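Below is one structure, written out as structure tokens; comments come after it.
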Amino acid sequence: MSIAQVKRIAISDSPWPWLLPLIALLAVFTIYPFIYNVWLSFHEFVPKSRGLKFVGFANWVQLWNDGRFWGALGVTFLYFAVALTIEIILGMAIALLLDAELPGFAMLRAVLSMTLVIPPAIAGMMFLLMEDSQFGALSYLLGLVGLLDKATPMLATSSLALIGVLIAEIWQWTPFMVLIFMAGLRSLPAEPYEAAMIDGASSLQMFRRLTLPMMSRVIAVAVLLRGIDLFRVFDYVFVMTSGGPGTATYTVSLYAWQQTFSFLKWGYGATLSLTSLVIVMVMANIFIRVAKVRW
Amino acid sequence: MQQSALARTLRTIAGWLVVGAFFFPIYFWTSVAFRDAKDIFNWPPIFFNFQPTVRNFEQVFGISLGFGYGSQEAVTPGGGNFYMGPRLWDSIVVASLSTVLAIVVATLASYALSRMHFRGRHEFVNWVLSTRMMPPVAVAIPMFFIFKQFNLLDTYVGVILVHGLMNLPLAVLLLKSFFDDIPAEIDESALLDGASRWTIFRRIVLPMAKGGIAATAVLCFIFSWTEFLFVLTLTQTGLKTVPVVSSTFVTSIGTAWGNMAALGAAAIVPAFIVVLLVQRHLVRGLTMGSLKQ
């Protein structure tokens, strides 16, 4: 290619020179790992020879028969559903509460955004400290109102550990919903509400018939973005419980990571991570279609 | 809507209480950073009435504030060292350079996606969005083996590359939304005057989108600053960022809560300041440019 040709492409109206660096980097980050994961899922690491061996579909058969995988999938879905539901409802309630010009409310909205920039691993640590049964402030407060017995360590009790992790999750990400919903509320037009007032509608009716429908796109975007992150939860369970006690808080991401790096099951770890990738992609794309979210 | 004075007062109190509850863990964590062990391990827990000390900060940052603990020799329960100055530096280097990488690549691409019409543009945007859905663990595992082959494990270059790549979908979509705000007629009239796309981009669009680019950079910085899984997977001893090194304060022998809180507080405060700077664009950033305030 002559210099003139290169120059012509560079100054032409073609988008590809502009997009090329992005495409190259995203390919490294997404396409190559994907192919590598697929390849790895048909192999397994052999400690004796310190090499990879082709095992066919053995990892996929194992996945199908692995009770711990199905358990982890169940925990992940439970975590996803509980956190998303509470964050949406609580987020909407707080957004409606704070959507007013009252003393200090501008500052309160700024304070609420602080939780979003705390590293989740550190947020997990904060709650690990506060949920300690020996000296934890939150355990103490829950004990005061009779919700928790001092003898019960929240994060070391199978029935409570996931709740303990969810408290950190919900604390950190409810403000995400609040901020997004509040921006949505502020962009609503005033006229429909004025008309409804004249017709004598109650606030509840106005919320159900006006606010919710007009906010549907905002809610859909918030659900999509939070949902994607919830399904791949790793940080909180890693620092707070490492999946324990037993397998009570094992999520798919954590299980995949441990199989790869703790048990050196490279092939099986890749199989697990590929499975979680496929589930997220399918769910998110169905949601995008159904809710008609567009960027 | 008209509300009675009583309703307004109740609403004000409710608002303060709710946000107070959300703020409490931040207050408590920060206060732990200023406590001695005896004030941390007390039962019932101490909420306000403790003897403040800067000892934890002295140990973690190896500085002397006049209390005699400013040595770098203090040993963690696990046997390591408390001195975390270099780890803070690692965090700053990784977050800054990965932000530069993401912003440079993303501004170019976003300009094309915002201004040029070509077949498959919509699909391309969707592809970028879909890369945001990849579970980090599904990227980290293959990346570990790829990096091993190319000797990038445990290096700045490796982590910077991964964090930059991780932030690309956000940066591209967010910058596209900022470019979309600038009227396309400006470009078109400049094109008619014979300016090249590159000139328009550099002389007109970039200066006009300055605020948006800065906000995007701030968000990329924060996401790199808070990232955990990639650093955990791709580093060993060469470098570690603050979130990952904090988790090493938890050991089987005990947890150095005071020191961990000191490091955590030092990592959180700059992020708070930064997020206040971009308050105006925060919702747009959190929704990857989908919602404008």
Inset, instruction - Would you check if there is a residue in region A:258-272 being in contact with a helix residue (DSSP H, G or I) (Cβ under 9 Å, 6 or more places away or on another chain), more than 10 Å from every other protein chain (Cβ to nearest Cβ), hydrophobic (A, V, I, L, M, F, W, C) and farther than 18 Å from A:W64 by Cβ? - result: yes
Inset, instruction - Working only within region B:176-187, note down all residues that are aliphatic (A, V, I, L, M) and in a helix (DSSP H, G or I). - result: B:A184, B:I186
Inset, instruction - Inspect all residues belonging to region A:93-111 and state whether any of them is closer than 30 Å to B:F41 by Cβ and β-branched (V, I, T). - result: yes
Inset, instruction - Examine region A:228-237 for a residue that is in contact with a Phe, Trp or Tyr (Cβ under 7 Å, 6 or more places away or on another chain), in a helix (DSSP H, G or I) and either among the small types (G, A, S) or within 19 Å of A:I88 (Cβ to Cβ) (or both), and state whether such a residue exists. - result: yes
Inset, instruction - State yes or no: is A:L210 part of a loop (DSSP other than H, G, I, E, B) and touching a residue at least 12 places away in the same chain (Cβ under 8 Å)? - result: no
Inset, instruction - Confirm whether B:T216 is within 23 Å of the chain's Cα centre (by Cα), crowded, with 22+ Cβ neighbours inside 10 Å, within 8 Å of chain A (Cβ to nearest Cβ) and at pLDDT 90 or above. - result: no
Legend entry - Hits in region A:112-144 (condition: assigned to a loop (DSSP other than H, G, I, E, B) and surrounded by fewer than 20 Cβ atoms within 10 Å (Cβ to Cβ)): A:S133, A:Q134, A:F135
Inset, instruction - Go through the residues of region B:254-277 one by one and say whether even a single one is hydroxyl-bearing (S, T, Y), over 15 Å from the mean Cα position of the chain (by Cα) and facing chain A (nearest Cβ under 7 Å). - result: no
Inset, instruction - Go over the candidates B:L286, B:L239, B:L291 one by one and state the one that is more than 8 Å from chain A (Cβ to nearest Cβ) and either surrounded by fewer than 16 Cβ atoms within 10 Å (Cβ to Cβ) or modelled with pLDDT under 90 (or both). - result: B:L239
Legend entry - Residue check for A:L90: surrounded by 18 or more Cβ atoms within 10 Å (Cβ to Cβ) and not hydroxyl-bearing (S, T, Y): no
Inset, instruction - Quick one: which residue in B:L191, B:L173 is free of Cβ contacts under 8 Å to residues at least 12 places away in the same chain, in a helix (DSSP H, G or I) and more than 18 Å from B:A95 (Cβ to Cβ)? - result: B:L191
Legend entry - When residues of region B:194-208 are limited to those that are of a type in the set (A, V, I, L, M) and free of Cβ contacts under 8 Å to residues at least 40 places away in the same chain, the one farthest from B:L108 (Cα to Cα): B:A195
Inset, instruction - Identify all residues within region B:12-37 that are at the interface with another protein chain (Cβ under 7 Å from one of its Cβ atoms), among the hydrophobic types (A, V, I, L, M, F, W, C) and under 16 Å from A:W173 (Cα atoms); write none if there are none. - result: B:V18, B:V19, B:F22, B:F23, B:I26
Legend entry - Lone qualifier among A:L52, A:L40, A:L63, A:L78 - being of a type outside the set (D, E, K, R) and within 19 Å of the chain's Cα centre (by Cα): A:L78
Legend entry - Filter pass, B:V231 being of a type outside the set (F, W, Y), surrounded by fewer than 24 Cβ atoms within 10 Å (Cβ to Cβ) and within 20 Å of B:I160 (Cα to Cα): no
Inset, instruction - Residue by residue through region B:122-155, note down the ones that are assigned to a helix (DSSP H, G or I), of a type in the set (A, V, I, L, M, F, W, C) and within 23 Å of the chain's Cα centre (by Cα). - result: B:V128, B:L129, B:V137, B:A138, B:V139, B:A140, B:I141, B:M143, B:F144
Legend entry - Scope region A:120-133; condition without any contact (Cβ under 8 Å) to a residue 24 or more places away in the chain and facing chain B (nearest Cβ under 7 Å); matching residues: A:I122, A:L129, A:M130
Legend entry - In region B:9-61, the residues that are in a loop (DSSP other than H, G, I, E, B) and either crowded, with 16+ Cβ neighbours inside 10 Å or hydrophobic (A, V, I, L, M, F, W, C) (or both): B:F34, B:R35, B:F41, B:W43, B:P45, B:I46, B:F47, B:F48, B:F50, B:T53, B:V54
Inset, instruction - With the condition kept exactly as written, say whether any residue in region A:250-273 is touching a residue at least 40 places away in the same chain (Cβ under 8 Å) and among the basic types (K, R). - result: yes
Inset, instruction - Go through A:T174, A:T247 for me and flag whichever is more than 18 Å from B:M288 (Cβ to Cβ), of a type in the set (S, T, N, Q), surrounded by fewer than 21 Cβ atoms within 10 Å (Cβ to Cβ) and touching a residue at least 40 places away in the same chain (Cβ under 8 Å). - result: A:T247
Legend entry - Options B:G164, B:G158: the member that is within 11 Å of chain A (Cβ to nearest Cβ) and either touching a Cys at 6+ places or on another chain (Cβ under 7 Å) or not in a loop (DSSP other than H, G, I, E, B) (or both): B:G164
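The values are calculated or read from the model by the stated rules, or taken from the named source; none is laboratory data. Keep in mind that what you see is a predicted model, and the values were worked out from it rather than measured. Neighbour counts are summed over all protein chains in view; Cβ atoms, including those assigned to glycine, are modelled from backbone coordinates with ideal geometry.
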